[in-house]
Structures are given as C-alpha cells and as structure tokens.
Amino acid sequence: IAILAMLTMTGCMKIVKIGEEGKLTGEVTFNAGDNVAEIWDSAAIPELTEKAVDLSTFLTEAKDDLKSLADKYGKYSMGTSGQLSYTVKGLATVKEVNTEKKAGYMELTIDGYSGPVIIRLQTGPVFKGSAVRDSLEIIKFEDYKNQVDYAAVSQGIHGIIQSTIIDKIDLASLSGKQIEFTGCFTVDKEDLILITPVILTVK
C-alpha cells in the first residue's frame, strides 16, 4: 500500500481504460478493414484492372502449364519464390453455382476456351488463399508490423469482396447467365483455376 501511495503521489502511475492504451503509448491498433478500404477503389482496383490478362488468351498460351507464363503475367508472393498468382479477366457463362459449402463457388465456361482446365470463381463467405493480396504490387509484407497484420489484410480484402460484390448478387439465379469478371488466382493444381473476383458484372 505504501509503495502504491508513493507512486500515486509522484505521478508515476496512470490508470488507462481497456481499449484506450493507444492514448498513452501512441500506438494505434491495426484495423485491416480500414487499411484495405483506404486503397481499394483508388489504387487496388486500378492496378488489377490494368494488369489483368484475358483468361482464354492466357490458357491458350499456357498450353496446360500454368506456371509457364510466370515471367510474362505472374507475380510471386516472395519476389522470385513462394505462391504464384495471376490476374485475369474474361467473359463466361455460369455452368453451376455451389453454395452448399462455406467456401462457395460458381463453375464457369469461358468464352474462347474449350480445354480441360476447370474454371471456378469464389463466392464466399469463406475465401480460400490470398491471391488478390499477393497479386497487388502496392501491398508489401515489409509495410506491415507482423505476419498477423499481413494475413489480416487478405481477410480484409475478402470482406470487401463479400460486401461490395457477392452480397449484391442473387447467386441462386446465375446458372446459365453470362458474367464479365476480373479476378486473381494462385496456381495450385494444373487442372483447376479458382478465381477470387474483384470485379463482377452479370450480363
């Protein structure tokens, strides 16, 4: 008690409410949603729109070897290594919509492509991978405090995609309809492309 009284008298002790620690330390809690929202329309979408390659063209050039175009169209998550991602665009017909799983998707038939690769576009609410984050030049790991914040950025991107794109579409009505999209995918399997959309328009 005596020590506590001394600290109080000398002004060395200050009570701070939980959640307001930043007022004392000057450190602001990282908010991935706000971080992504600040750059999404002004920087992220313009970058991805500019770099997107037509998917049917990409598949024709790749000749069933998706990694063969890494130098021309791809981006590795760690400079010259790590996950390889591409940004693509195209016109497609929705062949099937699967919303039974949390990681929902629609299967597509791509205009101008009749090869063996299965094309799917993620519809959430759970999104696999971090293709969009890893495709963006404006987002770099070294700009973030730690791996947790960097991972949260990808989650923030998926949150914006869900709220601004997927939630505004009646997924159940899409089967047989034509869509136009821009999105990103990470090379995982040679016979399956799983695209995360950043722009999606129903024709």
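Out of the residues in region 63-87 that are in contact with a helix residue (DSSP H, G or I) (Cβ under 9 Å, 6 or more places away or on another chain) and in a loop (DSSP other than H, G, I, E, B), which is nearest to K51 (Cα to Cα)? Restricting to residues being in contact with a helix residue (DSSP H, G or I) (Cβ under 9 Å, 6 or more places away or on another chain) and in a loop (DSSP other than H, G, I, E, B), the top hit is G74.
I'd like to know if region 54-64 contains one or more residues that are among the β-branched types (V, I, T), loosely packed, with under 11 Cβ neighbours inside 10 Å and at pLDDT 85 or above.
Here is the first cut: in region 54-64, the ones among the β-branched types (V, I, T) are 57, 60.
Retained after the next criterion (residues that are loosely packed, with under 11 Cβ neighbours inside 10 Å): none.
Among the residues of region 54-64, not one is among the β-branched types (V, I, T), loosely packed, with under 11 Cβ neighbours inside 10 Å and at pLDDT 85 or above, which makes the answer no.
Of the set (1) loosely packed, with under 14 Cβ neighbours inside 10 Å; (2) of a type in the set (K, R); (3) modelled with pLDDT of 95 or more, all apply to R120 but (1).
Can you tell me which residue among L171, L136, L192 is aliphatic (A, V, I, L, M) and within 25 Å of D64 (Cβ to Cβ)? So that I can check it myself, show each step before the final result.
Working: L171 fails: within 25 Å of D64 (Cβ to Cβ); L136 fails: within 25 Å of D64 (Cβ to Cβ).
Result of the check over L171, L136, L192: L192.
Of these, D149, D170, which one is acidic (D, E) and surrounded by 13 or more Cβ atoms within 10 Å (Cβ to Cβ)? Quick ask: steps written out before the conclusion?
Details: D170 fails: surrounded by 13 or more Cβ atoms within 10 Å (Cβ to Cβ).
The unique qualifying residue is D149.
Residue-level analysis places A172 outside the set of residues that are touching a helix residue (DSSP H, G or I) at 6+ places or on another chain (Cβ under 7 Å), of a type in the set (A, V, I, L, M) and over 14 Å from L48 (Cβ atoms).
Rundown of residues vs (1) open to solvent by 60 Å² or more (accessible area, probe 1.4 Å); (2) assigned to a strand (DSSP E or B); (3) within 28 Å of Y76 (Cβ to Cβ), yes/no style:
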| position | (1), (2), (3) |
| --- | --- |
| V97 | no, yes, no |
| L108 | no, yes, yes |
| G124 | no, yes, yes |
| F127 | no, no, yes |
| S154 | no, no, yes |
| H158 | no, no, yes |
| V198 | no, yes, yes |
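Within region 110-117, is there a residue that is charged (D, E, K, R), open to solvent by 30 Å² or more (accessible area, probe 1.4 Å) and touching a helix residue (DSSP H, G or I) at 6+ places or on another chain (Cβ under 7 Å)? So far as region 110-117 goes, yes, one or more of its residues are charged (D, E, K, R), open to solvent by 30 Å² or more (accessible area, probe 1.4 Å) and touching a helix residue (DSSP H, G or I) at 6+ places or on another chain (Cβ under 7 Å). Kindly establish whether S130 is out of contact with any strand residue (DSSP E or B) (no Cβ under 7 Å at 6 or more places or on another chain) and modelled with pLDDT of 95 or more. In short, yes. Before we move on, is I138 out of contact with any Pro (no Cβ under 6 Å at 6 or more places or on another chain), surrounded by fewer than 19 Cβ atoms within 10 Å (Cβ to Cβ), of a type in the set (A, V, I, L, M) and not in a helix (DSSP H, G or I)? The answer is yes for I138.
The values are calculated or read from the model by the stated rules, or taken from the named source; none is laboratory data. What you see is a predicted model; the values in this text were computed from it and never measured. We place every Cβ from the backbone using ideal geometry, glycine too, and count neighbours over all the protein chains shown. These accessible areas exclude ligands, DNA and RNA; they are computed on the full protein's heavy atoms, side chains included. Shrake-Rupley method; radii C 1.70, N 1.55, O 1.52, S 1.80 Å.
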